[in-house]
Amino acid sequence: MACEMMKLVCVLGLVLSIGLEVVLAQQPQVPGYFIFGDSLVDNGNNNNIASLAMANYLPYGIDFPGGRPTGRFCNGKTTVDVIAELLGFPNFIPPFARARGRAVLQGVNYASAAAGIREETGQQLGGRTPFSGQVRNYQTTVAQITSILGSEQAAAAHLSKCIFSIGLGSNDYLNNYFMPLVYSSSRQYTPSIHMLCGLLQTIYNYGARKFVLIGVGQVGCSPSVLAQRSRDGKTCVAEVNNANQIFNTKLKSLVDEFNNNFSDAKFIYIDAYGIFNDLLTKPGSYGLRVTNAGCCGVGRNNGQITCLPLQTPCRNRREYLFWDAFHPTEAANTVVAKRSYNAQSSSDAYPIDISRLAQL
């Protein structure tokens, strides 16, 4: 009888041990993931506002789990969706428009299609939430978290362990600076890095300590820009890409500046431009075949109009770099996300990648 009891105890101990390992394996690497950005990572915040920048119809989302449109400007997952999976989150981070209750503890996505760092960016497309508005929405979330956890100290302790991703700037070129007939900014200045600084400091003041600053990709190689400004429809537009690189250089230097000024925080830079360059110059290495046209769209390079409702997209979506006139496919997003999380080369992330940031 004693032997049988001992066996039972051992079996129960083994079961409890296995169960504990499963629970531990399912725990996210950080308690929360908060996302600020534009249409590259918008997952539904523009769905119910008066805007032309919307993707809540098929074939957007055709390859997303469930095969339904969610407001993501992609055929499937965005970069932040993949990063959330790599960080161990069991569910995708909800958009601010639908985030409720204790779910906000695991993060919120504030991104808005057509949004920029500058307030006026994208206004010709109608409603959108610029970076300043996204920061205000984050402040609302902090108040919710404070209420849930019971004190400002508890909220601050929670937020200090979370990761904050900021990726804006593309629209300040596409839907502002390089639209001289609509905006005067190209005759006055480049998109202001100083506006970005102030808003980043506000996020810091509201508890953030782990920052991921994502550089602007090669906008001059998008099907939209190729359709409008490239003679052969294949050669990337240097004027646009050069402007993107100027912004990225300033953004990377900002990482050093903030790391020096805020010793209790860590800022990192993701070189989306460089990662994208590999996708463009060595597409075969990533299983890609078409790099200058959208899988879904209208006109030259499928880049003059974005994907129309119920339009039939290309079948070989895994072989396309771009899904529509502006946005990468899930295949491309997965590469960018994986190299952001676990740097493949020393230039992918500076000074460390997301996986190491999560461990701090």
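The values are calculated or read from the model by the stated rules, or taken from the named source; none is laboratory data. For clarity, every value in this text was computed on a predicted model and none was experimentally measured. Don't worry about glycine lacking a Cβ; one is built from the backbone with ideal geometry, like all the others, and counts go over all protein chains shown. Just the protein is used for accessible areas: all its heavy atoms, side chains included, with ligands, DNA and RNA removed. Shrake-Rupley method; radii C 1.70, N 1.55, O 1.52, S 1.80 Å.
Here are some notes:
- Among Cys162, Cys307, Cys197, residue whose mean-square fluctuation peaks in a GNM of the chain (springs only between Cα atoms under 10 Å): Cys197
- Whether segment 285-359 is rounded, prolate or oblate, judged on the alpha carbon gyration tensor where a/c under 1.5 counts as rounded: prolate
- Stretchable slack from Glu119 to Asn48, in nm (0.36 nm times residue separation minus alpha-carbon distance): 23.5 nm
- Förster radius 30 Å - calculated FRET efficiency between Arg300 and Glu85 (Cβ-Cβ, nearest 0.05): 0.25
- Principal axis dimensions, largest first and in whole angstrom, of the chain by Cα: 86, 46, 41
- Percent breakdown of C-alpha pair distances by 10 Å bin, ordered from the shortest bin, for segment 201-277: 19, 38, 24, 15, 5, 0
- For the chain, the share of accessible area belonging to carbon and sulfur comes to 55 percent (1.4 Å probe, ligands and nucleic acids excluded).
- Integer Hz, Karplus 6.51/-1.76/1.60 couplings in order for segment 208-215, x for Gly and Pro: 5, 9, 10, 10, 10, 9, 9, x
- The chain: antiparallel DSSP beta bridges as a percent of all, rounded to 5: 25 percent
- Angle between the chain longest axis and helix 131-149 axis [Cα atoms, degrees, rounded to 10]: 10 degrees
- The value obtained for segment 97-223, namely the Cα convex hull volume divided by the number of residues, is 110 Å³ per residue.
- Stretch gain in nm, segment Ser147-His194, where the contour uses 0.36 nm per residue and the Cα spacing is subtracted: 13.7 nm
- Within the same chain, lysines fewer than 8 places from Lys266 are excluded, and of the rest, those with a Cα less than 16 Å from its Cα are Lys161, Lys210, Lys252.
- Rounded tilt (10° steps) of 238-261 against the dominant C-alpha axis of the chain: 40 degrees
- Spin-label pair Gln29/Ser347, simplified geometry with 7 Å Cα→Cβ offset, distance in nm: 2.4 nm
- The residues of the chain present an accessible area of 45 Å² per residue when probed at 1.4 Å with all protein chains retained.
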